[in-house]
Each structure stands twice: as C-alpha cells, then as structure tokens.
1. In the chain, if the dipole is taken from +1 on Lys/Arg beta carbons and -1 on Asp/Glu beta carbons about the Cα centre, which of 195, 12, 207 is farthest to the positive end?
2. Between residue 238 and residue 30, what length in nm is gained on full extension when 0.36 nm per residue of separation is reduced by their alpha carbon distance?
3. Extending each Cα 7 Å along its Cβ direction at residue 150 and residue 211, get the distance between those two points in nm, one decimal.
4. Test of understanding: ordering 109, 240 by Cβ neighbours within 10 Å, fewest first, what list do you get?
5. Order by neighbour count: 259, 12, 120, fewest other Cβ atoms within 10 Å first, most last.
6. So what is the calculated 222 nm ellipticity per residue for the chain, using -39500 (n - 2.57) for each DSSP H run with n of 4 or more, over all residues, to the nearest 500 deg cm²/dmol?
7. What is the dipole size for the range 47-118, taken about its Cα centre, with +1 at each Lys and Arg Cβ and -1 at each Asp and Glu Cβ, in debye to the nearest 20?
8. Sort 100, 26, 139 by Cβ crowding within 10 Å, fewest neighbours at the top.
Amino acid sequence: MNQRRALSLLIFFGMWWAFTIPLTKIAVSTGHPPLGLILWQLMISGVVMFLIIRLQGRRLRFDRIAVQHYTVIALLGTILPNSFSYFAAAQLPAGIMAIIVASVPMFAMLIALGIRLEKFSIIRVAGVLLGALSVVVLIGPDASLPEPEKAVFVLVALVAPLCYGLEGNYISVKSPPGIDPVSALCGASAFGVLICAPLVWLGNYWVDLSQPWGPPEQALIVSSLIHALIYSGYIWLVGMTSAVFASQIAYVVTLGGVFFSALLLSERYSSWVFLALGLMLVGLLLVQPRESKASAN
C-alpha cells in the first residue's frame with residue numbers, strides 16, 4: 001500500500017472513531033446506566049464481528065486458552081474502561097474526554113517499562129510527563145472545566161486509558177497464536193455479554209430499546225456500529241502497514257474528537273483546555289515508538 005493511500009485511510013478511520021466521542025456524551029445524557037449501554041455495545045459489536053468472520057468462512061476457537069483470552073479482552077478492552085468512560089462522560093465535556101483518550105500510549109509505555117517490555121528512554125519518559133502535565137492543566141486552573149468541582153471525574157476517566165494500556169501489553173505478551181484481532185474481538189464481545197448480562201439483570205441496569213428511540217438511543221446504536229466497523233478497518237490497516245504507523249490514529253481521534261464535540265454539542269473551551277491539548281499531543285509524539293527500517297520498508 002502506498003503512503004498516500006495509507007495516510008488517507010488512517011485519517012478516514014480516525015475521524016469516524018473520533019465521531020463516537022460526542023455520540024458517547026449524547027448516549028449518557030439522559031442517565032442510562034453504563035452497564036446497560038455496555039451490554040448493547042457488546043451485543044452489536046459481537047454480531048458485526050461474527051458476520052465478518054462467517055463471511056470469511058472462518059470459525060471461532062473455544063478452547064481453554066481462547067476463552068481465557070476472550071475474557072481478559074472483554075474486561076480490559078470494554079467492560080472496565082467503558083464503565084468508567086460512560087460514568088465520566090456524563091460529567092465532563094466530550095472534548096475533555098477526547099484529550100484523555102490520547103493518554104493510552106503513555107500508560108502502555110509505563111506498563112511496558114514496568115514489565116520490561118520496553119527499554120528506558122528519556123525522550124519517551126518526557127512524553128509521559130507532558131501527558132501528566134496536560135492532566136494537571138485540565139484539573140488545576142479554574143478556567144479549564146466549566147464546573148471546577150468536577151475535576152475529579154478527569155481522574156475517573158483516566159481509568160479507561162489505563163485499562164487499554166494493560167490490554168495492549170497483555171496482547172503483546174499473552175496473545176495466543178492463531179487468534180486474529182477480529183476473532184478476538186468477536187469472542188470478547190460474546191464473553192463480555194455473558195459477564196454483563198447477569199449484572200445488568202441483578203442491578204436493574206437494562207436499557208430498553210423497545211421504546212421509541214430518542215437521541216441517546218440513536219447515538220448508542222450508531223456509535224456501536226461505527227466502533228465495530230472502524231475497529232475492523234483499523235486492524236486491517238495495521239496488517240497492511242505497521243502497528244507503529246497505525247498508532248498515529250491517536251492524533252486524529254483526539255483532534256477530531258475535540259472538533260466534533262464543539263460542532264455537534266456546541267462545546268466551548270478555555271485557553272487552558274487548548275494548552276492541555278497541545279501538551280498531550282506533543283507528549284504523544286514523544287511517546288510514539290520509532291519506525292524501524294524493517295517495518296518501514
């Protein structure tokens with residue numbers, strides 16, 4: 001794949017991914033419980049992934065190792081991070097959530113350093129520090145958030161990128177051979193439903209979609225479909241290019257998330273928020289792994 005086409009697809013996938021950030025804000029706007037929303041997202045994603053797998057003439061593995069893998073991905077990739085994200089999204093502007101998304105590679109690098117998957121690098125550690133500084137900027141100044149007392153929800157939202165960082169390192173170390181990412185997401189969606197459904201039933205967290213749909217319900221369905229399809233496209237792009245190149249989608253998702261949130265939700269941000277955005281993007285640039293000669297060719 002030539003570089004221009006790869007870059008065009010990266011921007012295309014990233015912008016659609018970014019579009020789900022304000023949709024999440026809309027989905028939680030009427031107080032739908034996070035677990036109920038997550039259950040629907042898992043079911044919709046699972047159906048889409050299952051159809052893709054069947055169209056390719058493949059089957060899912062269900063041996064012990066595969067089931068363990070699906071369960072971990074379900075917990076770290078959807079149930080835990082989305083629970084905290086939905087909870088925080090109900091309190092924070094969607095643009096702030098978009099900035100927080102960019103901290104995923106920073107958490108991933110810190111965890112990789114801790115388990116010795118990565119070697120110490122002053123430049124990349126500096127990137128992590130800039131990311132941390134951007135969070136301080138979001139929390140600290142009175143002008144950064146519309147309601148300063150909600151600054152604690154920035155910390156709540158950071159649990160999601162922490163989970164994604166853990167998931168990424170788990171996949172790097174423990175991903176079993178023979179299970180491609182689409183199959184892993186399909187299996188994780190299935191086992192995520194098995195985990196979530198009893199909790200939703202016991203806690204009465206069900207989101208009833210049999211009633212006429214308003215904007216929150218429409219946003220839930222659309223964001224779930226976009227996530228399933230765009231994630232599949234992103235995984236395909238990783239295979240066609242490299243993980244290093246594809247990881248740059250974080251820039252597009254963050255910038256696009258801020259733009260769409262301002263456009264669709266009429267959010268307005270102070271200069272402190274834009275300072276935090278700049279610090280996070282520079283930190284992300286420093287944290288990104290460098291393309292090796294082998295992968296660049």
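Each value in this text was obtained by applying a stated rule to the coordinates, not by laboratory testing. This is a predicted model, so every value here is computed, not measured. Note that each Cβ is placed from the backbone with ideal geometry, even for glycine, and that neighbours are counted across all protein chains shown.
1. The Cα lying farthest towards the positive end belongs to 12.
2. Between residue 238 and residue 30, full extension yields 71.2 nm more.
3. According to this spin-label approximation, the distance is 2.3 nm.
4. The most exposed by this proxy come first: 240, 109.
5. With the sparsest Cβ surroundings first, the list reads 120, 12, 259.
6. Computed mean residue ellipticity for the chain: -24000 deg cm²/dmol.
7. 400
8. 139, 26, 100
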